[in-house]
Every structure is written in C-alpha cells, then in structure tokens.
Amino acid sequence: MQKKLLGLMVGMALGGASAAHAAGVTEAMIEKNATDSVLSWGMGQGGQRFSKLDQINTKSVDKLVPAWAFSFGGEKQRGQESQPLIHNGKMFVTASYSRIFALDLKTGAKLWKYEQRLPEGIMPCCDVVNRGAALFGDLVIFGTLDAQLIALDQNTGKVVWKEKVGDYAAGYSMTAAPLIAKGLLLTGVSGGEFGIVGRVEARNPLTGDLVWTRPMVEGHMGYKFDKDGKEIENGISGTVNKTWPGDLWKTGGAATWLGGTYDASTGLAYFGTGNPAPWNSHLRPGDNLYSSSTVALDVDTGKIKWSYQSTPHDGWDYDGVNEFITFDMDGKRYGGKADRNGFFYVVDAKNGKLQNAFPFVKKITWASSIDLKTGRPNYLAAGRPGDPTKGEEGKKGKTAFASPAFLGAKNQMPMAYSPQTKLFYVPSNEWGMDIWNEPVTYKKGAAFLGAGFTIKPNFDDYIGAMRAVDPKTGKIVWEVKNNAPLWGGVMTTAGGLVFYGTPEGFLKAVNAKTGKELWKFQTGSGVVAPPVTWQDGDTQYVAVTSGWGGAVPLWGGEVASKVNFLEQGGSVWVFKLSSK
Ligand code: CA
C-alpha cells in the first residue's frame with residue numbers, strides 16, 4: 001500500500017494522477033489489474049471479483065455513505081445488470097436498451113451518452129439488459145440488443161467502429177460484456193431460445209476486424225481470417241452428427257450469452273455455453289456437444305483445448321453459461337463454476353478434468369450426484385419431462401417437477417472468490433418448476449423451445465441465499481437468506497467484506513468469514529448487478545447500478561407474482577467512507 005501511494009505521489013508531481021494514466025488501455029494494464037481502476041468485467045480477466053483494497057473493512061464499513069448517484073433517465077428503465085468500468089477519471093457504465101454513459105468519476109457529472117437506435121424486431125429473451133463494456137486503447141466497446149458491437153472514443157463518445165455480429169431477426173442479440181484476452185476482443189452471442197448457433201469470436205479491438213470464430217455446436221466449421229478479411233477454414237468443432245442426430249445441430253443453440261473469462265497462466269479463455277435447442281430433449285438424443293458446457297479456447301488459434309459438459313443432453317434449459325473463475329488450490333490452477341443445474345464444479349483449468357462437484361442448493365431432482373470418475377451426472381429419470389410423441393397428456397409429454405427451475409440455482413449474477421478466505425461467494429436461489437415438452441419445429445425468429453413451465457418457490461420463507469462455498473470440502477460455510485430471488489453479482493475485498501445487492505433495493509456488506517451483516521443502503525430500486533471498488537487518491541470507492549428487472553419478472557411464474565411489488569429504476573450509486 002505504501003509503495004502504491006508513493007507511485008501516486010510521483011504521478012501527481014508529474015502533473016496530476018490522471019495524467020500518469022492518460023495513455024490508452026493495454027493488455028498489460030488489464031492483466032495487472034491495479035486497484036486505481038476497473039478495466040474489465042469480473043474486476044480482472046479471471047473474474048474473481050476480489051479487490052486488494054482494505055480501507056473499507058469490517059471495522060469501517062458502517063461509515064460508508066453515498067458520494068454521488070446518477071440517473072440513467074429517459075422513460076427506459078427495466079433491468080440494470082451492468083458492471084461499471086473505471087479508468088482515467090471516468091466511469092463507463094452501460095444501461096438497459098443498449099445505452100452507455102461516461103461519467104466524471106469525482107462528481108458523477110455526465111460527460112457523454114451513446115444510445116443505440118434499436119429496430120422494432122429485436123428478440124432479447126430475458127429483458128433489455130446489458131452487463132457491461134470492455135476497454136482497450138482509447139476505446140470503450142459494448143454489445144447491443146440488435147447483435148452489434150459498438151466501439152466508442154472514451155473521451156468523446158463518438159463511434160469509431162461498428163460491426164454486425166448476428167441477424168437480430170433470427171434471434172441473435174448481445175447482453176454480455178466483451179472480454180479482452182491477449183490483446184483480442186472476445187465475444188459471445190445470445191439467442192439460445194431461438195435456435196441460433198452459439199459461437200465465440202475474436203476481433204482486433206482497435207478495428208473490429210475478425211481474427212477467428214469458433215462455433216459451440218458440434219458439426220459447425222470454425223474460421224480464421226487473413227489481413228484482408230478473407231475467411232479460411234479452421235477446423236470443424238467436433239465431428240458432424242457424433243452427439244447430434246440428423247440436422248438439429250444446424251439450429252443447436254449453445255449460446256455463449258454470458259461471455260467468458262481468461263487466465264494468463266493457462267493462456268485459455270473459458271466460455272460457458274447455453275442450452276441445446278430446442279428444450280425438448282427427446283428430439284435430439286445424444287450429449288449435444290458443446291451445449292451446457294465450459295469450453296476452454298486457445299486464444300491464439302481459436303481451437304477448443306478442452307470442454308467439460310455439466311448437463312449432457314440438457315432437458316431443462318439449465319444452460320452452462322455460468323462464469324468459470326480460476327483460482328489456486330493445493331498448488332494447482334483450477335476453475336470454479338456454480339452451475340444453473342445446482343452443482344458446483346471444480347475443474348482443472350489446464351485440462352478440464354473434474355476435481356470436485358457438489359450441490360450448492362438444497363433441492364436437486366434431475367440428478368442425484370456427479371460421478372467424479374466419469375464427470376457425468378447420475379440422472380434421476382423422474383426429473384426429465386416426458387416425450388410428447390408418447391401422448392401421455394394429450395399432445396404434451398408427461399409433466400415433471402424439476403429443481404432447480406430453469407432460471408437456475410444461480411443465473412447471470414456473477415459470484416466472487418477470495419484468495420484471503422479461500423471461499424466462493426455464490427448468489428443462489430431455491431426454486432423448482434413444473435416442466436413439460438411439446439412438439440416443435442424450427443422457424444426463423446420464433447421461440448424454439450418445445451416446452452412449457454411454471455416456476456415456483458421451494459420454500460415459504462425465502463428464495464435467495466447468499467452462500468459461502470468451500471471448493472475443497474464442498475461445504476456451505478455460511479448463508480444469508482433473502483426473501484426475493486437474488487439476481488445481483490458479488491464482490492469481495494481484502495477488507496474482509498462481501499458486497500451484494502438484493503431485488504428489495506439494498507446494497508449490503510457482510511463479513512466474509514461469517515456472513516454477518518455490517519452495512520446496507522437502500523438504492524431506490526432492485527439491485528441486479530455486481531458492485532465494483534477502486535481507489536482514487538487516498539480514497540476507496542464502491543459503486544453499483546440499481547434497477548429491478550431481468551428474467552425473473554418475465555419468466556418467473558409464481559415467483560414473478562410474489563415479487564411484482566418491486567419497482568423499476570435506473571441509476572448508478574457511488575459510495576465512500578464518511579470523513580466524520
Ligand atoms: Ca437458455
């Protein structure tokens with residue numbers, strides 16, 4: 001800490017702290033992950049969401065007060081799932097309906113705003129959200145609901161380049177923050193509910209030019225691109241028809257809708273993939289690679305280094321998109337993943353070998369356990385909804401009760417890992433669903449599910465539970481229950497704290513070792529986004545966006561009606577310790 005302050009003082013002597021950081025963002029800066037900025041989603045490429053800052057700590061956090069707040073304005077509210085980025089005296093924060101703002105870090109004053117003109121026909125499955133941007137050079141880059149990438153000048157907000165990633169009329173959209181890895185811009189796509197083909201793309205972040213593409217459905221060709229943008233075949237993902245029957249792989253889903261993480265020590269980028277399409281699993285016998293998996297990509301070549309499938313032959317829309325967070329354990333590098341399907345997986349980050357898997361929610365009905373030898377789930381047959389061609393319930397297949405519900409034991413809200421406590425902090429939900437299958441055929445731009453469902457709470461007194469999870473023992477060390485389903489991400493700090501938000505509107509700080517609540521603040525609408533922290537001069541700040549929405553009000557069935565009293569909003573809050 002002393003060294004850091006000295007560095008800042010030298011910077012100031014040379015003409016102000018910001019001048020020392022005025023140069024464009026580089027890969028080295030992103031990998032360094034210094035505490036005076038937040039340069040990537042995940043608060044570091046590996047997504048640990050851990051900060052070394054400790055000015056705000058278990059003893060001082062009760063003095064945390066607002067520094068400023070900013071309203072996203074307009075008539076457009078809905079879910080605000082965005083994580084702000086901090087660089088060079090500015091905050092870059094995206095908002096619902098594909099908006100992005102640059103704000104003065106000291107005052108919260110608006111510097112510029114960009115709002116994408118969205119066409120009528122966009123088809124975001126799960127609200128008009130955006131989860132954040134990426135910084136590289138002098139650019140800030142984000143994806144839009146009409147499946148475009150927009151790169152803006154950080155200082156002026158002017159568009160520098162714009163690239164169409166997918167056809168929004170076919171169901172493609174973008175909601176995840178892009179990832180910078182080895183100087184490339186890596187992005188996924190949303191749209192698994194419309195039979196799109198999930199893929200990861202690498203681009204030159206300064207120009208938007210494609211470098212490689214890697215499809216996430218087995219059978220599709222990957223490509224690389226030469227200097228002139230000429231497409232060159234770069235190998236099929238897997239083998240045609242090996243895990244997919246007939247032609248269904250052509251509209252196979254596996255959307256990479258939550259983006260990825262990167263670990264410089266392995267050189268691999270880790271992307272989670274969504275459900276195979278359609279949801280009705282009886283139409284597509286086989287494992288349906290690479291759906292509902294973690295896929296490790298060689299960033300240099302765009303080839304699949306390994307994949308681990310958490311839900312082979314997914315019949316519940318469990319997806320597998322959850323963030324893969326790398327961490328050290330027993331001298332080895334692993335990745336931790338709290339899957340929508342209710343199991344927490346610990347996987348060797350280098351080769352994808354399963355090390356440990358255990359439940360992090362109370363009720364799982366689709367599988368009894370995960371076989372640590374084969375890495376495969378031990379399915380419970382009664383948990384899979386029936387085949388509609390068997391006609392057990394008219395045109396419907398037999399209804400099954402499945403837990404977790406498809407909204408997941410954990411959804412988009414990213415967890416955090418503390419190297420200090422060696423615990424993962426997992427925002428989890430306890431809910432199940434009645435689910436049944438129906439006949440379906442692919443039609444461009446139409447929902448491609450072949451399933452119906454009703455989500456219901458598993459318990460009367462709570463749905464959400466913030467849980468501290470020990471990846472080594474599989475034990476839940478502590479939990480804090482929450483009435484509404486948790487939908488916001490988590491941050492943990494060297495100050496011994498865990499920060500997270502609730503749909504009821506609170507940003508909370510709890511003791512990282514015990515879960516004891518130490519501070520809370522009402523932000524005026526539900527918090528469904530992850531907090532961040534940084535240091536400016538000698539002051540530590542915390543920020544979070546506020547604005548209730550996301551998938552729960554749209555898809556939540558009985559749960560949605562339970563939380564329909566919650567009001568929408570759209571703002572970002574910044575906090576620091578009171579000087580009093
Ligand atoms: Ca899905």
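The values are calculated or read from the model by the stated rules, or taken from the named source; none is laboratory data. This one's a predicted model, so the numbers in the text were calculated from it and none came from an experiment. No Cβ is skipped: glycine too gets one built from the backbone with ideal geometry, and neighbour counts run over all protein chains shown. Remember, those area values only see protein heavy atoms, side chains included, never the ligands or the DNA or RNA. Shrake-Rupley method; radii C 1.70, N 1.55, O 1.52, S 1.80 Å.
Structural remarks
- Enclosing the Cα atoms of segment 159-274 in their convex hull gives a volume equal to 119 cubic angstrom per residue.
- Against the main long axis of the alpha-carbon atoms of the chain, helix 2-13 sits at an angle near 60°.
- Modelled FRET efficiency - R0 41 Å, ASP371 with LYS443, Cβ distances, 0.05 increments: 0.60
- Bridgeable aspartates and glutamates around LYS363 (alpha carbons under 13 Å apart, same-chain partners fewer than 8 residues away excluded): GLU430.
- Over 23 Å apart at the Cα level, from the set LYS106/LYS422; LYS398/LYS443; LYS113/LYS580; LYS481/LYS562; LYS182/LYS350; LYS332/LYS422, are LYS106/LYS422; LYS398/LYS443; LYS113/LYS580.
- Two-decimal ratio, segment 414-522, of alpha-carbon radius of gyration to 2.2 N^0.38 Å: 1.35
- Dipole magnitude of segment 2-577 about its Cα centre (Cβ charges: Lys, Arg +1; Asp, Glu -1), debye to nearest 20: 780 debye
- The distance from the alpha carbon centre of segment 508-536 to that of segment 222-283 is 36 Å, rounded to a whole number.
- Nearby aspartates and glutamates by direct alpha-carbon distance to LYS513 (threshold 14 angstrom, same-chain neighbours under 8 apart not counted): ASP470, GLU479
- Over all pairs of different C-alpha atoms, segment 347-473 has a mean inverse distance whose reciprocal, the Kirkwood radius, equals 16.9 Å.
- Sorting the segments 84-96, 163-175 by their mean number of nearby beta carbons within 10 angstrom, highest to lowest, gives 84-96, 163-175.
- Sequence-distant aspartates and glutamates (8 or more away, or on other chains) whose Cα lies within less than 19 Å of LYS444: GLU120, ASP146, ASP167, GLU193, ASP247
- Accessible area (Å², per residue) of segment 51-167, counting only protein heavy atoms and a probe of 1.4 Å: 38 Å²
- Across all C-alpha atoms in segment 85-172, the radius of gyration and Dmax reach 13.2, 43 Å.
- The simple spin-label model puts a point 7 Å past each Cα toward its Cβ; for SER265 and PHE565 those points are separated by 4.7 nm.
- Two-decimal Rg/Rh across segment 2-577, once Rg and the Kirkwood Rh are taken from alpha-carbon atoms: 0.95
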